[in-house]
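These notes are about the structure you will find just below.
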Amino acid sequence: MRCLLFACLLLGALPSFALDRFHVEGYTLPNGLQLVLKPGSERGHVAIRLVVGVGLDDFSCADKELPHLLEHLLFSGIDATGEGGLEERMQALGGEWNAYTSNADTTFVIEAPAKNQRKVLDLLLALLTQTRIDDNAINVAKQVVEREDGGHYSHLQRWLDRQDLGHTASNQLAVELGLKCPERAQVDHLTREQLDKVRKAWYAPNNMTLIVVGELDRLLPAYLERAYGALVAVEPTEHLPLPQIQASAAHERTLSHGFVGGGAKLHWLVPEPALEDQHDEAFDVLKDYLDWALYRQLRLAHGLSYGPSAEREVFGGVGFMSLNADLEREDVPAAEQVLDELKANLLKNGLDATTFARLKQAAIARQTWAVQGNSALADYYWSALGDYEDGHFTNPAEALQEVTLAEANKAMRALLLQPGYLRIEKPLMSYDQLMWAIAGVLGLIVLMLLGWRLRHRTL
Ligand SMILES: [Zn+2]
């Protein structure tokens, strides 16, 4: 009965309803499967995202590749025709599919013609319920996953990772602080029993969200209730707590990247403090402000960096703000000074009110055109599931609107008063140093030859 009601709602979708991207037809089936359905503006097409609530963060360092390996294995095939036969079925329906494993989830991503949406969903359901995983498939998938992660993990690479030379600056800092695993996870030792366990514990309807955006079939709600409603719920598994900062890291470090070159990168990274009653969007606006301040100072005023930027990044349970600049090797001290002056000036005078207002308005305006089309909308819902409740996604424009100058100043002070972590990435030697080294070696050879000749003459 309930599905009929939703069907009527979908059919009678008013244009304003379709335009309001924060309002969706969302409900949960009795087995716990969360559905997010949205009529899209483009006809003839549907974008489907099946989000399974299991990701890399749910496993210890040694077993981190388990959900990723399982994701690959689920494409092994549903009958004797195997992987190829499965792909042929999708081709015959005119759709395309892929899957991604992230820290937080495993997501199946499908684009398909609207007229085949129920058949495509049938195929996805078959993949979830009928895939047989044998040892041969496991070995093939292990090779693929290993190749995706950059080929076989050699002893040299492992040693370099241990020396912190194989990571980018922010990753390396996350390792130092105990927020990230020091080595790349291996797949060789993972067993079929472990994979079966992950599949049983996490691939259940009460741990999934199905998002469908586009020209929705009028029978879709009834179909979903019948087909996906047959999946059996399991006892939920607790997620592992996200790692917090566990160790201290050097305030300043130079990281060698590559052997010879004239460039360098400067990063100043700082953990975002948790502020009481504060919008997370305050840090978004602050990021835009710092991004623009860096551009004005490092590029326009001093010409030291072509594309300086401010970034927000999350490692484990900790968010970081970073100020970054690509530089010439010899400009590193000058850039450090500009950065120090920029921070001191902001702490002394606060954010400029006019610039703040302009950048805040730009961020709000961006929300009106940031998500275009069915696929982008489906991806948006996937990324914003944390802000979803009862058919509503939080409108970021409203939250941005509420960020005041005083609030942004408070966030800025809490951020910039910390010492943070300075990381300089540069190659081992500059071209000049390499030239001097070569000249030195040549000089040594000439001296040795001269010495040898002198000795022979005197003898
Ligand atoms: Zn993969």
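The values are calculated or read from the model by the stated rules, or taken from the named source; none is laboratory data. All values reported here derive from a predicted model rather than from experimental measurement. Cβ atoms come from the backbone with ideal geometry, glycine included; neighbour counts cover every protein chain shown.
Structure notes:
- Restricting the search to helices (runs of 4 or more DSSP H) fully inside the stretch 73-163 and requiring at least 1 residues that are among the β-branched types (V, I, T) and out of contact with any Asp or Glu (no Cβ under 6 Å at 6 or more places or on another chain) gives 117-130, 135-148.
- Test: residue in the stretch 298-308 that is surrounded by 13 or more Cβ atoms within 10 Å (Cβ to Cβ) and in a helix (DSSP H, G or I): yes
- The set of residues in the stretch 184-201 that are outside any helix (DSSP H, G or I) and loosely packed, with under 15 Cβ neighbours inside 10 Å comprises D188, H189, T191.
- Only a single criterion out of (1) at pLDDT below 95; (2) in contact with a Gly (Cβ under 7 Å, 6 or more places away or on another chain) is not satisfied by G316, namely (2).
- Hits in the stretch 411-424 - residues which are surrounded by 18 or more Cβ atoms within 10 Å (Cβ to Cβ) and among the charged types (D, E, K, R): R423
- Boolean, R366 is basic (K, R), assigned to a strand (DSSP E or B) and within 25 Å of the chain's Cα centre (by Cα): no
Matching residues to (1) surrounded by fewer than 12 Cβ atoms within 10 Å (Cβ to Cβ); (2) closer than 20 Å to V51 by Cα; (3) in contact (Cβ under 8 Å) with a residue 60 or more places away in the chain:
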| residue | (1), (2), (3) |
| --- | --- |
| G214 | no, yes, yes |
| L220 | no, yes, yes |
| E235 | yes, yes, no |
| E238 | yes, yes, no |
| P243 | no, no, yes |
| L255 | no, no, yes |
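- Any hit, the stretch 389-403, residues being under 22 Å from E25 (Cβ atoms), outside any helix (DSSP H, G or I) and charged (D, E, K, R): yes
- Selection count where residues are under 16 Å from A334 (Cβ atoms) and either in contact with a His (Cβ under 6 Å, 6 or more places away or on another chain) or part of a strand (DSSP E or B) (or both), scope the stretch 255-266: 4
- When the test is whether a residue is assigned to a strand (DSSP E or B), in contact with a Leu (Cβ under 6 Å, 6 or more places away or on another chain) and either closer than 27 Å to E146 by Cα or modelled with pLDDT of 95 or more (or both), L70 does not pass it.
- Residue match in the stretch 359-367 (condition: buried (at least 16 other Cβ atoms within 10 Å of the Cβ) and either touching a strand residue (DSSP E or B) at 6+ places or on another chain (Cβ under 9 Å) or more than 24 Å from L400 (Cα to Cα) (or both)): no
- Any hit, the stretch 79-95, residues being hydrophobic (A, V, I, L, M, F, W, C), modelled with pLDDT under 95 and either within 16 Å of the ligand (Cβ to nearest atom) or over 20 Å from I211 (Cα atoms) (or both): yes
- If the condition is being touching a Phe, Trp or Tyr at 6+ places or on another chain (Cβ under 9 Å) and within 16 Å of the ligand (Cβ to nearest atom), then the stretch 52-67 contributes V52, V54, E65, L66, P67.
The rows are residues; the columns are (1) at positive phi; (2) in a helix (DSSP H, G or I); (3) at pLDDT 95 or above.
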residue: F320; (1), (2), (3): no, no, yes
residue: D326; (1), (2), (3): no, no, yes
residue: E330; (1), (2), (3): no, yes, no
residue: A334; (1), (2), (3): no, yes, yes
residue: Q337; (1), (2), (3): no, yes, yes
residue: D340; (1), (2), (3): no, yes, yes
residue: K343; (1), (2), (3): no, yes, yes
residue: L346; (1), (2), (3): no, yes, yes
